[in-house]
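Colleague: Please see the structure below; I have some questions.
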Amino acid sequence: MKRFRGVAALLLALVSSIGLIAPATASQSNSDLVETGTAAGLIIKYREGVDTVAADGLATGSNAAKVALTFGHALGDNLFTADFTDNLPITQARDIAEALQQDPRVEFVSINHNFSAASLSVGGSAALAAIKAASAVQSLKAVDAFNKATPTTASVRLTWKAPKSLFGAKVTGYIVEYSSTNGTSWTAIKRGTALSYTMNTALEAGTKYSFRVKAVTTLKTASKAGTASAVVTMRPTTAPQAPILAGGNVVTSVLNPSWIQQSLAQQGGLPVTYLATASAEGLPSATCTTISNTCAFTGLSAGVNYKLALVATNTRGSTSAVTEFKPADEYYSSQWHLFAEYGINLPTAWKYTRGSKSVVVAVLDSGITSHPDLDSQLVSGYDFVSNKTRSNDGDGWDADPSDPGDFYTDSRGNFVESSWHGTHVAGIIAAASNTIGITGVAPNVLIQPVRAMGTDGGTSADLIAAINWAAGLSVPGVPINPTPAKVINMSMGTSGVSICDDIASGGRLGSTGQALKAAKAAGVTSISAAGNFNTDARYSYPGNCFPTINVGATGFSGDRAWYSNYTMPNAQGVGVDISAPGGDDRDQSQTPAKTEGQLLSTFNDGQSKPGSPTYAIEEGTSMAAPVVSGIVALLYSIKPTITFDEAWAILSKTVKPFKPGGQCATSTTGMCGIGIVNAGGAVELLLSQK
Ligand SMILES: [Ca+2]
Ligand SMILES: [Ca+2]
Ligand SMILES: [Ca+2]
């Protein structure tokens, strides 16, 4: 039997230095890799007709393995998990798997790998000390901050004075809270240390808002929010938003055009007058003024096509009907990965589509939290975290994929804050284009949150069930997915060496590979993160499984992000397929303010359990993979029957080049994959093929 020895020293060196990658040895192959992670158990596939429980009541095959195996879940496709009581080193798990493989009733055995979220952990883990909250901030005032430069954005300027009492701590920021329900519920926004804040997101003209402010004080590493200031109220107004013509802007034989009735917010909170102008080449134009949503023209020639222009006016200003899409989300200018030189050229793609509501992207991750940029973007998902401790929701598999937080106390006793990883990933794909916050790559597609990671990661058995379910395939004991996904995003990886292929299987697909292949056959394209350990992408599961599009991360300047795994020479097809911006905090000189070279997306401010919705920057191949998933979702929106292979062909033919002279560009072995994904190029190529 082949043993797995010989390159351990090389592997260790690679983690800290990529300088060693050039001298590839001809003898390197997957079977040389020494696996170094832990395994939660095994995944067993029985031969056709074999009962999984033998006549003696023991699990079939456990005697051959000479170990006690606890049977866990049926995963679909005749796959079953057999769990170890405690995690075992993968090398030990392999020995057990090899013994079990000798049982003639067993078709094959896979390792049930452990993996974790493939983004870097950012933020500290300081425990809250018992410091005293500051007193209320003083003299809070609110005025309408209408700005002619952004005439349809409702804006309120708040000013206040510092609290009287800080109890020895220092102010490190303020939390502004607003309410559209007369103070019944409040939404918090974290601010800097300035004694003012102009709020121009999340507000609708014509609505009465309440505002209050809390000081955040910090003593050493401990922070505390102070008591709230007195409440002030304000009803902002704006110029009207552009009216939407019901039938486009061409009048054929209809001489009484209408447009969609505007809401109070769309009217800027004020009475609006509409001026419609109908024009046709060589004929006099006609105008019509009204306060309703229809106009009766006189003097038009019958049977002529007129072009209609529509202007809405109130006391704040005027806005014309526009057809070209420009996102009005407050933080769009911070989303450099969408439009910068080494971004994904998304504005070109958006000329044609921002996605279709019939396309679902499954986010196999830590779950989801309530967020005003995501709540409108969801279809129902599922929770496949089987381990009742790791799940943090008190049970195993269940129908509720909400993220209860994955906080934990590490082995040194430090509190590790919840990552809200699934919330961040989901926003990159499909945050709503709604004037607030950010916009996703494909804001008109829908997200299916599927929990596959809990505290400290997940297991491949749960991931396999999640893949099968997301793709609409059957998973025993779970209702069929009513809205199967077309795209599956897997932003996760392993720190140790975890090989996807099976032991003693002669290159046959492993259980994860089987699930991915079945998903592909069901019309699904699966996207994976290549991992964040600055090492050979062959080592990181599930990105090293086939078939997925395995994504590496680039930074603002278009070269490999420092942490991103990469393709080794002679990697035998297991490596990084393509790169996408995932952020690089060591490459931030030209990035928009406060992004620190990273990607801004939806987040939650709770340290353990979910708190209030917010936004945060993160970096990782976890952030790069959903960029690709969003683009692939745009392709499905244009061509619902597109296949995995067709989508890959489109992506690979349209990539942008890496930064000239950089590591990715000068590598002769496709270190960072074929190039940087290009949304505009991909959408235009697909449309040209239709
Ligand atoms: Ca659960
Ligand atoms: Ca749950
Ligand atoms: Ca938004």
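Residue-wise test of (1) crowded, with 24+ Cβ neighbours inside 10 Å; (2) touching a Ser or Thr at 6+ places or on another chain (Cβ under 7 Å); (3) not basic (Lys, Arg).
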| residue | (1), (2), (3) |
| --- | --- |
| Tyr352 | no, no, yes |
| Ser356 | no, yes, yes |
| Val361 | yes, yes, yes |
| Leu364 | yes, no, yes |
| Pro372 | no, no, yes |
| Ser376 | no, no, yes |
| Val379 | no, yes, yes |
| Asn387 | no, no, yes |
| Arg390 | no, yes, no |
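Colleague: Here's another thing I want to ask about it. Can you name the residue in the range 371-397 that is closer than 11 Å to Val450 by Cβ and among the aliphatic types (A, V, I, L, M) and is also nearest to the chain's Cα centre (by Cα) among such residues?
Modeller: Checked the range 371-397; the qualifying residue nearest to the chain's Cα centre (by Cα) is Val379.
Colleague: Still on this model: Kindly check whether there is at least one residue in the range 414-430 that is at pLDDT below 95, of a type in the set (S, T, N, Q), within 15 Å of ligand 1 (Cβ to nearest atom) and more than 30 Å from Thr152 (Cβ to Cβ).
Modeller: No, because not a single residue in the range 414-430 is at pLDDT below 95, of a type in the set (S, T, N, Q), within 15 Å of ligand 1 (Cβ to nearest atom) and more than 30 Å from Thr152 (Cβ to Cβ).
Colleague: List pairs: first residue in the range 346-359 and at positive phi and touching a residue at least 60 places away in the same chain (Cβ under 8 Å), second residue hydrophobic (A, V, I, L, M, F, W, C) and in a helix (DSSP H, G or I) anywhere in the structure, Cβ distance under 7 angstrom, at least six positions apart or on different chains.
Modeller: From residues that are at positive phi and touching a residue at least 60 places away in the same chain (Cβ under 8 Å), the pairs are Gly355/Ala633; Gly355/Leu634.
Colleague: Test each condition in (1) without any contact (Cβ under 8 Å) to a residue 60 or more places away in the chain; (2) surrounded by fewer than 24 Cβ atoms within 10 Å (Cβ to Cβ); (3) touching a strand residue (DSSP E or B) at 6+ places or on another chain (Cβ under 7 Å) for Gly422 and report the one that comes out false.
Modeller: Failing condition for Gly422: (2).
Colleague: Here's something else I'd like to know. Which residue pairs have Cβ atoms closer than 8 Å, lie 6 or more positions apart in sequence or on different chains, and pair a first residue in the range 373-400 that is at positive phi with a second residue that is near ligand 2 (Cβ under 9 Å from one of its atoms) and not in a strand (DSSP E or B)?
Modeller: Listed pairs, sorted by first residue: Asn392/Pro404.
Results for (1) within 16 Å of ligand 3 (Cβ to nearest atom); (2) aliphatic (A, V, I, L, M); (3) closer than 30 Å to Pro327 by Cβ; (4) in contact with an Asp or Glu (Cβ under 8 Å, 6 or more places away or on another chain), shown as yes or no for each residue.
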position: Phe384; (1), (2), (3), (4): no, no, no, yes
position: Arg390; (1), (2), (3), (4): no, no, no, yes
position: Asp403; (1), (2), (3), (4): no, no, yes, no
position: Gly427; (1), (2), (3), (4): yes, no, yes, yes
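Colleague: Let me ask something else. Output the residues belonging to the range 442-462 that are outside any strand (DSSP E or B), under 28 Å from Ser637 (Cβ atoms) and within 16 Å of ligand 2 (Cβ to nearest atom).
Modeller: Across the range 442-462, the qualifying residues are Ala452, Met453.
Colleague: For the condition more than 26 Å from Trp469 (Cα to Cα), β-branched (Val, Ile, Thr), in contact with a strand residue (DSSP E or B) (Cβ under 6 Å, 6 or more places away or on another chain) and modelled with pLDDT of 95 or more, what is the one hit in Thr548, Thr525, Thr554, Thr483?
Modeller: On the way: Thr548 fails: more than 26 Å from Trp469 (Cα to Cα); Thr525 fails: more than 26 Å from Trp469 (Cα to Cα); Thr483 fails: more than 26 Å from Trp469 (Cα to Cα).
Result of the check over Thr548, Thr525, Thr554, Thr483: Thr554.
Quick grid of which residues meet (1) touching a strand residue (DSSP E or B) at 6+ places or on another chain (Cβ under 9 Å); (2) farther than 23 Å from Ala118 by Cα:
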{"position": "Ala616", "(1), (2)": "yes, no"}
{"position": "Gly630", "(1), (2)": "yes, no"}
{"position": "Leu635", "(1), (2)": "yes, yes"}
{"position": "Ala649", "(1), (2)": "no, yes"}
{"position": "Lys656", "(1), (2)": "yes, yes"}
{"position": "Ser667", "(1), (2)": "yes, yes"}
{"position": "Gly675", "(1), (2)": "yes, no"}
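Colleague: Could you tell me whether Arg412 is charged (D, E, K, R) and either surrounded by 15 or more Cβ atoms within 10 Å (Cβ to Cβ) or within 16 Å of ligand 3 (Cβ to nearest atom) (or both)? First the steps, then the outcome.
Modeller: Working: charged (D, E, K, R): yes; either surrounded by 15 or more Cβ atoms within 10 Å (Cβ to Cβ) or within 16 Å of ligand 3 (Cβ to nearest atom) (or both): no.
Considered against the rule, which asks whether it is charged (D, E, K, R) and either surrounded by 15 or more Cβ atoms within 10 Å (Cβ to Cβ) or within 16 Å of ligand 3 (Cβ to nearest atom) (or both), Arg412 comes out as no.
Colleague: Any idea which of Asp462, Asp456 is surrounded by fewer than 19 Cβ atoms within 10 Å (Cβ to Cβ), within 16 Å of ligand 1 (Cβ to nearest atom) and either acidic (Asp, Glu) or over 20 Å from Asn112 (Cα atoms) (or both)?
Modeller: Working: Asp462 fails: surrounded by fewer than 19 Cβ atoms within 10 Å (Cβ to Cβ).
On inspection, the qualifying residue turns out to be Asp456.
Residue-wise test of (1) within 16 Å of ligand 2 (Cβ to nearest atom); (2) among the hydroxyl-bearing types (Ser, Thr, Tyr); (3) assigned to a helix (DSSP H, G or I); (4) modelled with pLDDT of 95 or more.
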position: Ala312; (1), (2), (3), (4): no, no, no, no
position: Phe325; (1), (2), (3), (4): no, no, no, no
position: Ile344; (1), (2), (3), (4): no, no, no, yes
position: Pro347; (1), (2), (3), (4): no, no, yes, no
position: Val361; (1), (2), (3), (4): no, no, no, yes
position: Val385; (1), (2), (3), (4): yes, no, no, yes
position: Ser391; (1), (2), (3), (4): yes, yes, no, yes
position: Gly396; (1), (2), (3), (4): yes, no, no, yes
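Colleague: What about Ile368, is it crowded, with 24+ Cβ neighbours inside 10 Å, more than 16 Å from ligand 1 (Cβ to nearest atom), within 18 Å of the chain's Cα centre (by Cα) and among the β-branched types (Val, Ile, Thr)? Reasoning before the result, please.
Modeller: Working: crowded, with 24+ Cβ neighbours inside 10 Å: yes; more than 16 Å from ligand 1 (Cβ to nearest atom): no; within 18 Å of the chain's Cα centre (by Cα): yes; among the β-branched types (Val, Ile, Thr): yes.
In short, no.
Colleague: Considering only the range 182-225, how many residues are not β-branched (Val, Ile, Thr) and not in a loop (DSSP other than H, G, I, E, B)? Explain how you work it out, then say what you get.
Modeller: Looking only at the range 182-225, we keep the residues that are not β-branched (Val, Ile, Thr), and these are 182-183, 185-186, 188, 190-192, 194-197, 199-200, 202-206, 208-212, 214-215, 219-220, 222-225.
Then keep just the ones that are not in a loop (DSSP other than H, G, I, E, B); that gives 188, 190-191, 196-197, 199, 209-212, 214-215, 219, 222-225.
Of the residues in that region, 17 qualify.
Colleague: So which residues in the range 398-418 are within 16 Å of ligand 2 (Cβ to nearest atom) and either within 15 Å of the chain's Cα centre (by Cα) or not charged (D, E, K, R) (or both)? Give the steps one after another, and end with the answer.
Modeller: Looking only at the range 398-418, we keep the residues that are within 16 Å of ligand 2 (Cβ to nearest atom), and these are 398-407, 418.
Correct list: Ala399, Pro401, Ser402, Asp403, Pro404, Gly405, Phe407, Ser418.
Colleague: Condition test on His337, is it of a type outside the set (Val, Ile, Thr), surrounded by 24 or more Cβ atoms within 10 Å (Cβ to Cβ), under 15 Å from Pro610 (Cβ atoms) and within 16 Å of ligand 3 (Cβ to nearest atom)? Before the answer, list the steps.
Modeller: Numbers: of a type outside the set (Val, Ile, Thr): yes; surrounded by 24 or more Cβ atoms within 10 Å (Cβ to Cβ): yes; under 15 Å from Pro610 (Cβ atoms): no; within 16 Å of ligand 3 (Cβ to nearest atom): yes.
No, not satisfied.
Colleague: Moving on to the next point. Could you list, in sequence order, the residues of the range 166-194 that are surrounded by fewer than 18 Cβ atoms within 10 Å (Cβ to Cβ), modelled with pLDDT of 85 or more and aliphatic (A, V, I, L, M)?
Modeller: Val171, Ala194, listed by residue number.
The values are calculated or read from the model by the stated rules, or taken from the named source; none is laboratory data. Owing to the predicted nature of the structure, the values given are computational and were not obtained by experimental measurement. Please note: Cβ atoms are built from the backbone with ideal geometry, for glycine as well, and neighbour counts cover all protein chains shown.
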